[in-house]
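Scroll down for the structure; my scribbles are underneath it.
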Amino acid sequence: EMKNYAIDRHQIEADKVSIIPNFVDVEFQSSEDPPVRDHRTVCYVGRLVPEKNVGALVDAVAGVDAKLLILGDGPERKNLEARAERNGSNVHFLGTIPFPDVSRHLHSSNLFVLPSLWEGQPKALMEAMAAGTAVIGADSPGIRDLITNGENGVLCRTSAESIRESIVALLNNDDFRTRLAKNGREYIQHNFSLNHVVEKEIEL
């Protein structure tokens, strides 16, 4: 979508624009032993700013048998903490933590959710997929470029109701969740490994 915008905005010939994607350290995210997933744990990683739409995610888990881990910090944190308390949502704000700990939480969560209104190319989403975690993403620019709905993840609307429906559906369907997680990991391995990105840069 960014490529198309650049072409339209600046009247650039399409064949003069190449995309070199973010890469993911797939080997770092791999595990010799299958991870032990925390029962009904949902994870979000990212800044706490309005465009990330984390408030809708906090609302989405209200009344749901799920624990939401929020990894990251930002100006919206106090508002989100108050919102979670008002809703009775089971939310744990972990703040900014070292990357190995982020990876550990990705490997131990049942789901990763990215509810943003827009993204560039979301590294956190790609890392969650690389970790073999089933993902839910808003049908927003940047996110829908990575997720094929029902194949390697689930796309939902940006509303709390739609996010909640997707969370409940995946938490209650182990087979579907496992298949999405497997497909998501393979998709990242094949398209966004460091070796693949280096090859694209050399080719360019």
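Among all residue pairs at least 6 apart or on different chains, which show Cβ distances below 7 Å where the first residue, located in segment 193-204, is among the acidic types (Asp, Glu) and the second is outside any strand (DSSP E or B)?
Close Cβ pairs (under 7 Å, with a partner that is outside any strand (DSSP E or B)) amount to 201/20.
Would you please list the contacts, defined by Cβ atoms under 7 Å and residues six or more apart or on different chains, that run from a residue in segment 75-91 that is over 11 Å from residue 55 (Cα atoms) to a residue that is basic (Lys, Arg) and part of a strand (DSSP E or B)?
90/67
Looking at segment 42-154, what strands (runs of 3 or more DSSP E) fall wholly within it and have at least 1 residues that are open to solvent by less than 30 Å² (accessible area, probe 1.4 Å), closer than 25 Å to residue 21 by Cβ and modelled with pLDDT under 95?
none
So which residues in segment 155-166 are of a type in the set (A, V, I, L, M, F, W, C) and either open to solvent by less than 20 Å² (accessible area, probe 1.4 Å) or at pLDDT below 95 (or both)?
Once the filter is applied, which keeps residues that are of a type in the set (A, V, I, L, M, F, W, C) and either open to solvent by less than 20 Å² (accessible area, probe 1.4 Å) or at pLDDT below 95 (or both), segment 155-166 yields 156, 160, 163.
Look through 91, 36, 58 and report the one residue that is more than 17 Å from residue 166 (Cβ to Cβ) and in contact with a helix residue (DSSP H, G or I) (Cβ under 6 Å, 6 or more places away or on another chain).
91
The values are calculated or read from the model by the stated rules, or taken from the named source; none is laboratory data. These numbers come from a predicted model, not from an experiment. When we count neighbours, we look across all protein chains shown, and the Cβ atoms used for this are built from the backbone with ideal geometry, even at glycine. Heads up: the accessible areas ignore ligands, DNA and RNA and are worked out on the full protein's heavy atoms, side chains in. Shrake-Rupley method; radii C 1.70, N 1.55, O 1.52, S 1.80 Å.
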